[in-house]
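The values are calculated or read from the model by the stated rules, or taken from the named source; none is laboratory data. Predicted model only: the values in this text are computed from it and were never measured. Positions of Cβ are backbone-derived with ideal geometry, glycine not excepted, and every protein chain shown enters the neighbour counts. Calculation scope for accessible area: heavy atoms of the full protein, side chains included, ligands and nucleic acids excluded. Shrake-Rupley method; radii C 1.70, N 1.55, O 1.52, S 1.80 Å.
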Amino acid sequence: MPPDTPPGVVIGIDIGTTSTKTMAYDTDGRLIASHSVGYPLDDPHPGYAEQNPDVILAAVVESLRTVVAELAAPISGLAFCSAMHSLIGLDGAGNPLTPSVTWADSRATRQAERLRAVPSGLALHRRTGTPMHPMSPLPKLLWFAEQEPKLFERVTHWVGIKDWVLLRLCGELVTDHSIASATGLMDIHTLEWDAEALTIAGVTEEQLPRLVATTAVLPGLTARAAEAIGVPQRTPVVVGAGDGPLANLGLGAVHPGMVACSIGTSGAMRVMVERPGVDPLGGVFCYALTENRWAVGGAINNGGIVLKWAGAALAPDLGEHPEEDLVALAARAPVGSGGLIMLPYLHSERAPHWSALPRGAYVGLTHGHRREHLVRAAMEGVCQQLALVLTSVRAAGNEVREIRAGGGFARSGLWRQMLADVLGMPVSFPAGREGSSFGAALLGMQALGLIPSIDVAADLVQMEETIRPDPAAAATYAALLPLFAELYEALVPTFTSMRRLAPGLPAEPPTPGPPM
């Protein structure tokens, strides 16, 4: 154990889609210890993306126990963060009746489309901050009510994954305003459950967790949880927030005009504002961080996962972990990929159209294109989709003065330069740090009185490098972006027809017959 572990250590726990990352920080923002535990994302049927809550709870406990064992000084508190939009149905004893249905689950597509098609759908989006999209718990609840009515009737409480973990660790059923603002069920202007949304979903307030501030402090852990983790039972637990707003905090993008961009498996673009609100056309979300800090922006489904697909589909000869080789391959193709455009909608899409309808597409393919062009076009498509989100953020009336970016993609020099070129603005990258877990720790420090406010994040997070756009490349991407944007609208009829035909198309090649 490090002998110089300082006082004021707060542990941030980020319950993500593919792993839980636990990191201990001191009040100067120094990382003291860290551990990560991965777990699968299950897809038992087309459109499903769910997880076992017990597996995730075990990962949280294991990662916490490992970090705690490395610390030499007392722990001031734990602070939590999680992926948004998850949904779990519990019985009266608090046991899961359903898996954790994640943001990536699209089974509620038709329910979301019905809500979007009526005038009240946009009004509900403006009031709750959450777009009408299958990622949201609101259409997920409709799906359960319509497709699993007997199960729906058995559910005593509907919760998110962080709510359930806190219930198991602390014995209290609460949800914070940040996670709740991503459910489509809470009025972001009153910070109360929205009566119309609950009626549509067919649930009551009593079936949902108690709403609390993101800085709410629970008095401690259950005796069993404290023993499993290795901390005193009275260790304070800060409820925390969603991973999106906390990623802004972890990047120090806490002031208006400061945009945080992240590309991990998926991606997002968010700017902090001081009052909640959604643009008239509903192109952005609005999620809470604290009562006077709100994240306005949009998330995309297809980030680094597009590069992973490109490795498997286009370059299987590069091995199981081909990321560096793929980026090197893409670097051989010119800016703009020789006129090749990829719509990277491999897992449908979210912002700014908020539709589960689109599918991936290459447009402009010629005999002169090689696989390096296809790989580069895939990377460019991810950046161009983020540029569309940034356009929506500006259209919502938000100033964009500075962009900070993080996530796994930031390790690549080509990704960094490409993002700056496509966005047409300088992009700053911090020294290696997991944004959401650091954001959770900072929020915990404010809640526990260890720092004066989360505003200190802007000074604590030092930028390692600022990439400025190359004028020629930026001009090329600026010319291509309108084409990229109009392709979505042009292909909507095709996407619609493809969805109608999809159930009748064979999913696997025919089994070969016996040799002649």
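A few comments on the model shown:
- Counting all C-alpha pairs of segment 89-220, share separated by more than 25 Å (%): 20
- Taking every protein chain into account, the accessible area of the chain amounts to 40 square angstrom per residue (probe 1.4 Å).
- With the gyration tensor restricted to C-alpha atoms of segment 190-257, the semi-axes of the equivalent ellipsoid amount to 28, 23, 10 Å, longest first.
- Label zone at Arg401 (point 7 Å along Cα-to-Cβ), backbone N below 18 Å, segment 269-293: 270-275, 293
- Considering only Pro512, His367, Gly38, and ranking their Cα positions along the charge dipole of the chain that arises from unit charges at the beta-carbon of Lys, Arg, Asp and Glu, the one farthest toward the positive end is His367.
- Rounded D (µm²/s) - segment 1-121, Kirkwood Rh over Cα pairs, Stokes-Einstein at 25 °C, 0.890 mPa s: 148
- When the chain is described by a simple charge dipole with +1 on each Lys and Arg Cβ and -1 on each Asp and Glu Cβ, the residue from Pro493, Leu57, Trp103 located farthest towards its positive end is Pro493.
- Once you reduce segment 337-380 and segment 453-505 to the center of their Cα atoms, the two points are 11 Å from each other.
- The sum of -39500 (n - 2.57) across all DSSP H runs of n ≥ 4, divided by the residue count of the chain, sets its helix-only mean residue ellipticity at 222 nm to -11500 deg cm²/dmol.
- Within the chain: Cβ-based charge dipole about Cα centre, in debye rounded to nearest 20 (Lys, Arg +1; Asp, Glu -1): 720
- Stokes-Einstein D for the chain, Kirkwood Rh over Cα pairs, 20 °C, 1.002 mPa s (µm²/s): 92
- Beta bridge orientation in the chain: antiparallel %, DSSP, nearest 5: 70
- When nucleic acids and ligands are ignored and a 1.4 Å probe is applied, Thr190 ends up with an accessible area of around 80 Å².
- Local electrostatic count at Ala420 - Lys and Arg +1, Asp and Glu -1, tallied over other residues with Cβ under 9 Å: 0
- Whole-Å distance, taken between Cα centres, linking segment 13-46 and segment 100-159: 27
- Treating r as the C-beta distance of Glu70 and Leu173 and R0 as 30 Å, the FRET efficiency rounds to 0.45.
- Helices in the chain that qualify as membrane-span-like (whole DSSP H runs, Cα extent of at least 20 Å along the helix axis, mean Kyte-Doolittle hydropathy of 1.0 or higher) are 53-70.
- Gyration tensor (alpha-carbon) shape descriptor, segment 380-449, a/c threshold 1.5: oblate
- Charged-residue dipole, Cβ positions (Lys, Arg, Asp, Glu), segment 301-352 about Cα centre, Debye nearest 20: 240
- Residue (of Trp143, Ala216, Thr183) at the positive-pole extreme of segment 138-247, dipole from beta-carbon charges: Ala216
- Kirkwood-based shape ratio for segment 392-508, expressed as Rg/Rh from alpha carbons: 1.13
- Summing charges over neighbours of Lys308, with a neighbour being any other residue whose Cβ is under 11 Å away from its Cβ, gives -2 when K and R count +1 and D and E count -1.
- Unit charges on C-beta of K, R, D, E only; dipole of segment 1-75, Debye: 160
- The share of Cα pairs per 5 Å bin across segment 153-207, counted from zero up to the longest distance, runs 4, 19, 27, 26, 17, 6, 1 percent.
- Segment 441-516 pair-distance distribution - Cα-Cα, 5 Å bins, rounded %: 3, 10, 8, 7, 6, 7, 8, 9, 11, 12, 8, 5, 2, 2, 1, 0
- Computed label-point distance, nm, for sites Ala502 and Asp42 using a 7 Å Cα→Cβ extension: 2.2
- When the GluC sites (Glu not before Pro) in segment 287-340 are filtered for DSSP coil states and for at most 10 other beta-carbon atoms within 10 Å of their beta-carbon, the remaining sites are Glu320.
- Total formal charge among the other residues, if their Cβ is under 15 angstrom from that of Val273, Lys/Arg +1 and Asp/Glu -1: 0
- For segment 63-83 versus segment 177-248, the gap between their alpha-carbon centres in whole angstrom: 19
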